[in-house]
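Everything on this sheet refers to the single structure shown next.
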Amino acid sequence: MPDTSPAIAGIAVPASHQHAPLLGDGSYQHDAGGVFRELYQAHGPIAPVLLPGRVPAWLTLDHRTLRRVTEDTVTFARNTLRWRLGPLLPSDWPLWPMLGGGQAHDCLLYAEGEAHRQRAGALSAALDAVDHGEFAARCQHISEHLLARVAPAGAAELMADYALQLPVLVMSWALGVPEEDSRDLPAHFAAMLSSGPEAISGRQRAREVVERLVARVRRRPGADVASRLAEHPLALSDRQLAEDLLVTYIAGHITTAYMIGNTAWLMLTDDRFTDTLRRGRLSVSDALHEVRWNDTPTQVFAGRITTRVTELGNYRIPAGDLVLLGLAAANTDPTLHPDPANTDPALDSAPAPASGVRDCRAYLSYSHGPHSCPRPARDLSEVMASTAIEVLLDALPGLSLACHDSQLRWAPTIWMRGLLALPVQFAPTSLSLGHPKGLPWM
């Protein structure tokens, strides 16, 4: 339903947006996929939407349009300082942390052209130097220790006890953050992504962690991602280094945590995957691939700013407007599914990708174009997620959902899709753990 809340002073809602839906309202939280499909049917490949405070924006809804917007960096620029409504928005607008408000403007996410290429290259090089064998062993080690804590009880809450902890602990090791600093990061990241009143303070608390990291690696560099980035010939300032490390932390943690949760949920509730828990039919790899297509953790990504009047779909979009990337909508684009009867009741009747598409990696879960997630970051995230699920299935016998599927609730955020909680039950057990050489417990 349209947003009827008061507009922010000075923000005029244009005629094109008078009946636009509010992203993040109750219907969106209940069924974002349904909202995307309704918008596509009503508007085509791009639709007008409202953000909190009745702030107008545009949302891409198909694969081709998203690719066009992300590839054409001249017409659709990345730096949100170009957004004509930006100066009219209050500094405490809760979506600023995800749209480059404040210090975030100096992050590689919002750099353009050669500056972006250089900063993205420096980060990719720092991530690419992570030893994959040691990283995988660390993932295995931490996964086992987290599950050892809950195994004797025969019950656990997989999001809080496992999915939200594993990525932040593994990434803290890779980046060089001590355990005492990383302990509260999942809560800070959740606040930042909530689009609620805690978003600004959540970002600031997380940034303080990376500021301490920057100070440490300047004094005493080590064999970690932060130190390698600090020593790169690009010579980032302390502020730039902190911002680039923070976005790496946030993107790697929350998307991986929700990938683990969404995949575990799929394998616990979908008949095509439940046999996998007994080493039956479809594999963990199949489940992860399915989630990337149909239940991607990043639903909407912000954003691009039009530098000139441009035509998209059925609309003529003015210069200086905000275009949001509908990653989840692009993955379920009806034009990718030529057979209208090709629906999957196990996925809330959402169309499943045609077999030729399903078998490839054309999903846009990591975005697309020059500003998409760097390949080394994708690889590390996939190691974390696949290891987490494999260890989970091996460690907890008889794993099953401890509540009815309809009782599960999803995180209230515009940007992401992840479970607030995933209660499970299993046969109580005791895990025998070692301390591999070079992998002391955190």
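The values are calculated or read from the model by the stated rules, or taken from the named source; none is laboratory data. Quick caveat, the model's predicted, so the values are computed rather than measured. Because the Cβ atoms are built from the backbone with ideal geometry, glycine has one as well, and the counts that use them run over all protein chains shown.
Of note:
- Set Ser201, Ser182: member being touching a residue at least 24 places away in the same chain (Cβ under 8 Å) and of a type in the set (Ser, Thr, Tyr): Ser182
- In the set Thr75, Thr70, only one residue is among the hydroxyl-bearing types (Ser, Thr, Tyr), modelled with pLDDT of 90 or more and either crowded, with 21+ Cβ neighbours inside 10 Å or in contact with a Gly (Cβ under 8 Å, 6 or more places away or on another chain) (or both); that residue is Thr70.
- Candidate set from the stretch 373-407 (those that are surrounded by 16 or more Cβ atoms within 10 Å (Cβ to Cβ) and either assigned to a loop (DSSP other than H, G, I, E, B) or not assigned by TED's automatic domain parsing to the domain that holds Gly133 (or both)); member that is nearest to the chain's Cα centre (by Cα): Cys373
- Residue list for the stretch 123-172, restricted to those being over 29 Å from Trp410 (Cβ atoms) and either touching a Phe, Trp or Tyr at 6+ places or on another chain (Cβ under 9 Å) or not in a helix (DSSP H, G or I) (or both): Ala129, Val130, Asp131, Phe135, Arg138, His141
- Val291 meets all of the listed conditions (1) under 30 Å from Val391 (Cβ atoms); (2) over 20 Å from the mean Cα position of the chain (by Cα) but one, namely (2).
- If you check Leu99, Leu59, Leu39, Leu22 for being touching a strand residue (DSSP E or B) at 6+ places or on another chain (Cβ under 6 Å) and outside the structural domain of Ala328 (by TED's automatic domain parsing), only one passes: Leu99.
- Among the conditions (1) surrounded by fewer than 22 Cβ atoms within 10 Å (Cβ to Cβ); (2) at negative phi, Ala235 misses just one, which is (2).
- Failed criterion for Val150 (all others in (1) crowded, with 19+ Cβ neighbours inside 10 Å; (2) within 27 Å of Glu311 (Cα to Cα) hold): (2)
- Matching entry among Leu245, Leu312 (being buried (at least 18 other Cβ atoms within 10 Å of the Cβ), at pLDDT 90 or above and outside the structural domain of Ile389 (by TED's automatic domain parsing)): Leu312
- Evaluation of His132 against (1) farther than 28 Å from Arg218 by Cα; (2) modelled with pLDDT under 95 (one fails), failing number: (1)
- Test: Gly133 is farther than 30 Å from Tyr162 by Cα, assigned by TED's automatic domain parsing to the domain that holds Ile200 and not polar (S, T, N, Q): no
- Of all residues in the stretch 100-144, those that are out of contact with any helix residue (DSSP H, G or I) (no Cβ under 7 Å at 6 or more places or on another chain) and surrounded by 19 or more Cβ atoms within 10 Å (Cβ to Cβ) total 2.
- For the stretch 344-372, the candidate set comprises residues that are over 18 Å from the mean Cα position of the chain (by Cα) and at pLDDT 50 or above; within that set, the residue that is nearest to Ala122 (Cα to Cα) is Cys360.
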